[in-house]
Amino acid sequence: MYGEYALGELKLENDDFCLSIEHDGNSYVYERVCKGDFVTKRITGFGKIVLNPVEPVNLPKNITSLIEIEFKEKIVVEPKSRLTIYVTFPIEIGVFVVNKSLSVLDVFTLNSSKYTLYGTPGRGVICRYWLSGVYGSPPKLDCLREGIVELEISNSSDSWVEVGRIVLDVYSMKIYYDDSKVISKAVMNITSRGVAETQFLDGNYNMKKAVEIYVAKKLQVLRRSFVMEWGLC
């Protein structure tokens, strides 16, 4: 279902949503229904429609650029070691209209949106919240609902460290997809028992690279890391 479509008569649907484009005079009418939410917009001109997974912090509105992924099982990491695990993240689906430029037409999700506070009430930050299993290899998922984060954890400290969550800034998130999966890559560098620096990386996967929301909105964003200073569990 992800991919590029000519701007014209179009209908995509499953048990959870219905998306359609119909010709009406000298323009097109876009309609989308998902979980009781209805959106309609009128499009003029020519071009194409692009559907792909996007950074999962756009709904119900732009509240934060951070996502906290809590692990269902904690990971105990030995000193001076490195390991790779796989966790999941919630999918949001972006709909773009493309001609000479690119614009965000719509964003929707099949998941519920939940937010949490990471840190203290006075100094903490708001994050999109997601609970994930922990996997030793990429899991098979419904790619319209969940994506995979290939996460490399590096413990550069001299202590055994227990990790139960990760907080990431999605403004540097690179998402790749095909017909069966959605994947991104991130690193977590543990510097002490309760502190780590995290960042999304370019995964260089042999897959289609998703259009990024902040690129579509013409926002100039440098690669951004996040320091988890309020604990790893």
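The values are calculated or read from the model by the stated rules, or taken from the named source; none is laboratory data. A quick note: this is a predicted structure, and the numbers were derived from the prediction, not measured. In this analysis, Cβ positions are derived from the backbone assuming ideal geometry, glycine residues included, and neighbour counts consider all displayed protein chains. What goes into the accessible areas is simple: the full protein's heavy atoms, side chains included, and nothing from ligands, DNA or RNA. Shrake-Rupley method; radii C 1.70, N 1.55, O 1.52, S 1.80 Å.
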Subject >> Residues satisfying the stated conditions in the stretch 3-36, i.e. open to solvent by 30 Å² or more (accessible area, probe 1.4 Å) and of a type in the set (Ser, Thr, Tyr) >> reply: 5, 28
Subject >> Count - residues of the stretch 184-199 that are open to solvent by 10 Å² or more (accessible area, probe 1.4 Å) and either modelled with pLDDT of 95 or more or not polar (S, T, N, Q) (or both) >> reply: 9
**OP:** Could you list all residues from the stretch 37-70 that are open to solvent by less than 70 Å² (accessible area, probe 1.4 Å), more than 26 Å from residue 164 (Cβ to Cβ) and among the hydrophobic types (A, V, I, L, M, F, W, C)?
**Re:** 39, 43, 49, 50, 51, 54
Subject >> Out of 202, 169, 178, 158, sole residue that is touching a residue at least 12 places away in the same chain (Cβ under 8 Å) and open to solvent by 70 Å² or more (accessible area, probe 1.4 Å) >> reply: 158
Original post:
Across the stretch 136-190, what is the number of residues that are part of a loop (DSSP other than H, G, I, E, B) and not aliphatic (A, V, I, L, M)?
Top reply: 18
Original post:
Of all the residues that make up the stretch 71-122, how many are of a type outside the set (Gly, Ala, Ser), closer than 23 Å to residue 154 by Cβ and surrounded by fewer than 16 Cβ atoms within 10 Å (Cβ to Cβ)?
Top reply: 10
**OP:** Show the residue pairs that are 6+ apart or on different chains and have beta-carbon atoms under 7 Å apart, the first residue being within the stretch 45-57 and without any contact (Cβ under 8 Å) to a residue 24 or more places away in the chain and over 9 Å from residue 175 (Cα atoms), the second being open to solvent by less than 10 Å² (accessible area, probe 1.4 Å) and in a loop (DSSP other than H, G, I, E, B).
**Re:** none
